[in-house]
């Protein structure tokens, strides 16, 4: 089966490659295409949004990678790509929850979106604390990457 998707917009920022310190402080713009502008109505009432992107720089390479060391760190256990946020995956789709700073017509200003300049945006969804289940957990190695976020 083949699936075709049409980007609804594009990420604009000054980031050309993954930053060393993470994405938390990076401010980006999402430029939504004209034909999807009406789909943004009411989105500005949310503090956070989920953004689905296509890791376009991963196309054609690393698509067969099934196991990785998280963040490329050999001191962490090798795990399947579905247990990570690695861009090396069968379908290079990224999902980010980021703060919505402003909406100006079809331009969204966001903080914390982990996407480089030019990344195609596949979809945008509202996000609130109601989307979080109360019983989440994670593996111990996650604390090595983001302290306090593991199990």
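The values are calculated or read from the model by the stated rules, or taken from the named source; none is laboratory data. All of these numbers come straight from a predicted model, not from anything done at the bench. For neighbour counting, all protein chains shown are included, and Cβ atoms are generated from backbone atoms with ideal geometry for every residue, glycine included.
For the criterion of being buried (at least 19 other Cβ atoms within 10 Å of the Cβ), in contact (Cβ under 8 Å) with a residue 12 or more places away in the chain, in a loop (DSSP other than H, G, I, E, B) and out of contact with any strand residue (DSSP E or B) (no Cβ under 7 Å at 6 or more places or on another chain), residue 103 fails. Of all residues in the range 67-77, those being modelled with pLDDT under 90, in contact with a helix residue (DSSP H, G or I) (Cβ under 9 Å, 6 or more places away or on another chain) and surrounded by fewer than 17 Cβ atoms within 10 Å (Cβ to Cβ) number 2. Scanning the range 84-96 turns up no residue that is without any contact (Cβ under 8 Å) to a residue 24 or more places away in the chain and farther than 30 Å from residue 141 by Cα. Residue 98 fulfils the conditions (1) buried (at least 16 other Cβ atoms within 10 Å of the Cβ); (2) part of a loop (DSSP other than H, G, I, E, B) except for a single criterion, (2). So, residue 90, is that one part of a loop (DSSP other than H, G, I, E, B) and over 19 Å from residue 123 (Cα atoms) or not? For residue 90, the condition - part of a loop (DSSP other than H, G, I, E, B) and over 19 Å from residue 123 (Cα atoms) - is not met.
Does the range 13-27 hold any residues that are under 16 Å from residue 55 (Cα atoms) and buried (at least 16 other Cβ atoms within 10 Å of the Cβ), and which are they? Of everything in the range 13-27, those that are under 16 Å from residue 55 (Cα atoms) and buried (at least 16 other Cβ atoms within 10 Å of the Cβ) turn out to be 13, 15, 23. Taking the range 49-65 as the search range and keeping residues that are touching a helix residue (DSSP H, G or I) at 6+ places or on another chain (Cβ under 9 Å) and modelled with pLDDT of 95 or more, which one is surrounded by the most Cβ atoms within 10 Å (Cβ to Cβ)? Applying the filter and picking the extreme gives 49.
Looking across the range 83-95 at every residue that is in contact with a strand residue (DSSP E or B) (Cβ under 9 Å, 6 or more places away or on another chain) and loosely packed, with under 14 Cβ neighbours inside 10 Å, the one that is modelled with the highest pLDDT is identified as 95. The residues of the range 114-143 that are under 26 Å from residue 74 (Cα atoms) and surrounded by 15 or more Cβ atoms within 10 Å (Cβ to Cβ), listed by number, are 114, 115, 116, 141, 142.
For every residue, the table says whether it meets (1) under 29 Å from residue 138 (Cβ atoms); (2) part of a loop (DSSP other than H, G, I, E, B).
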| position | (1), (2) |
| --- | --- |
| 4 | no, yes |
| 11 | yes, no |
| 16 | no, yes |
| 29 | no, no |
| 37 | no, no |
| 50 | yes, no |
| 57 | yes, no |
| 64 | yes, yes |
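With respect to the conditions (1) free of Cβ contacts under 8 Å to residues at least 24 places away in the same chain; (2) over 26 Å from residue 130 (Cα atoms); (3) surrounded by 14 or more Cβ atoms within 10 Å (Cβ to Cβ), residue 80 falls short on a single one, namely (3).
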